[in-house]
1. Report yes if VAL52 is β-branched (Val, Ile, Thr), closer than 25 Å to GLY152 by Cβ and assigned to a helix (DSSP H, G or I), otherwise no.
2. Pick from region 131-157 the residues that are among the aliphatic types (A, V, I, L, M) and in a helix (DSSP H, G or I): which of them is surrounded by the fewest Cβ atoms within 10 Å (Cβ to Cβ)?
3. Check region 168-184 and report whether any residue there is touching a Gly at 6+ places or on another chain (Cβ under 9 Å), buried (at least 16 other Cβ atoms within 10 Å of the Cβ), among the polar types (S, T, N, Q) and closer than 21 Å to ILE65 by Cβ.
4. May I ask you to verify whether GLU58 is under 28 Å from ARG187 (Cβ atoms) and either touching a strand residue (DSSP E or B) at 6+ places or on another chain (Cβ under 9 Å) or not small (Gly, Ala, Ser) (or both)?
5. Can you tell me which residues in region 9-29 are farther than 18 Å from ILE148 by Cβ and crowded, with 24+ Cβ neighbours inside 10 Å?
6. Scanning region 76-111 for residues that are of a type in the set (Ser, Thr, Tyr) and in a loop (DSSP other than H, G, I, E, B), which turns out farthest from GLN17 (Cα to Cα)?
7. Of all residues in region 176-188, how many are part of a helix (DSSP H, G or I) and more than 17 Å from ILE84 (Cα to Cα)?
8. Looking at PRO32 and the list (1) surrounded by fewer than 20 Cβ atoms within 10 Å (Cβ to Cβ); (2) farther than 20 Å from LEU171 by Cβ, which single condition is not satisfied?
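Read-outs: derived from the displayed coordinates by stated rules, not from any lab. Computed from a predicted model, the values in this text were never measured in an experiment. Glycine also receives a Cβ, built like all others from the backbone with ideal geometry; neighbour counts cover every protein chain displayed.
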Amino acid sequence: MATNKTDKALALSGIFQSAALVQQLSRTGELPNRYLEASLKSIFSLNPSNIVDVYGSESKLGLGIDTLYKVLADNDTARYADAIRYSIGILHVEKMLRKNTDLLSVLRSRLETTETQLIHFDGVTNSSVIAKLADIYVDTIGSLRYRIQVKGDPQQLQRDSVANQVRAILLSGVRSAMLWRQLGGSRIQLLIGKKGLITSLESLKSSIHLENDQQ
């Protein structure tokens, strides 16, 4: 799988899309289904031929691309404070998971089993599929010493459906983090390569606008 700056920007946007979805869901209990579906589908893309295949299309990462761009280029950190915190937490969880080969093997096996069952449901956003992904998150990532603490409306977070969605989305964030690491992504690169990343995000935003105009 060829690697370039745009690929890394897409994978990092995948992390931020998951984080932004969790931020919105925990506050309102609602989500844009298009982005939710793209993020959840990425969990089952374990052997992609290219990065775009993981998410379906660049436009399906629009929320993540836009969020990451606003954080880096516009310095809009206050608005996305929770999303930034979740992204950092996702990267930390991925690092711990990467070092635990036994847990990684269990995670992959559980995902492969769940993938074979998808034909019985009407897509990855089906509540039963999301519940399965939430269980996988709890049994694997939930066993690590570090826990991502989600803030929001207590009434929303107490709903089983919301709690399941949060865990499933966080799992998708970890998938993107693993992809980003595989592409050579690192925290140091985020510091020294910020300008290049912003340029890649601008190109992606322009590409998405052009794609939308042609539809």
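1. Values: β-branched (Val, Ile, Thr): yes; closer than 25 Å to GLY152 by Cβ: no; assigned to a helix (DSSP H, G or I): yes.
So VAL52 does not fit the description; no.
2. Keep residues of region 131-157 that are among the aliphatic types (A, V, I, L, M), which gives 131, 133-134, 136, 138, 141, 144, 148, 150, 157.
Then drop every residue that is not in a helix (DSSP H, G or I), which leaves 131, 133-134, 136, 138, 141, 157.
Numbers: ALA131: 17, LEU133: 25, ALA134: 22, ILE136: 22, VAL138: 14, ILE141: 23, LEU157: 16.
The extreme case among them is VAL138.
3. Filtering region 168-184 down to residues touching a Gly at 6+ places or on another chain (Cβ under 9 Å) leaves 170, 172-173, 175-177, 179-180.
From what's left, buried (at least 16 other Cβ atoms within 10 Å of the Cβ): 170, 172-173, 175-177, 179-180.
Then keep just the ones that are among the polar types (S, T, N, Q); that gives 172, 176.
So of that shortlist, the ones also closer than 21 Å to ILE65 by Cβ come out as 172, 176.
The answer is yes, given that some residue of region 168-184 is touching a Gly at 6+ places or on another chain (Cβ under 9 Å), buried (at least 16 other Cβ atoms within 10 Å of the Cβ), among the polar types (S, T, N, Q) and closer than 21 Å to ILE65 by Cβ.
4. Numbers: under 28 Å from ARG187 (Cβ atoms): yes; either touching a strand residue (DSSP E or B) at 6+ places or on another chain (Cβ under 9 Å) or not small (Gly, Ala, Ser) (or both): yes.
Against the criterion (under 28 Å from ARG187 (Cβ atoms) and either touching a strand residue (DSSP E or B) at 6+ places or on another chain (Cβ under 9 Å) or not small (Gly, Ala, Ser) (or both)), GLU58 qualifies.
5. Residues satisfying the conditions are ALA9, LEU10, ALA11, SER13.
6. Ranking the candidates gives THR77 first.
7. First pass over region 176-188, keeping only residues part of a helix (DSSP H, G or I): 176-182, 187-188.
Subsequent filtering for residues that are more than 17 Å from ILE84 (Cα to Cα) retains 178-179, 181-182.
Result for region 176-188: 4.
8. (2)
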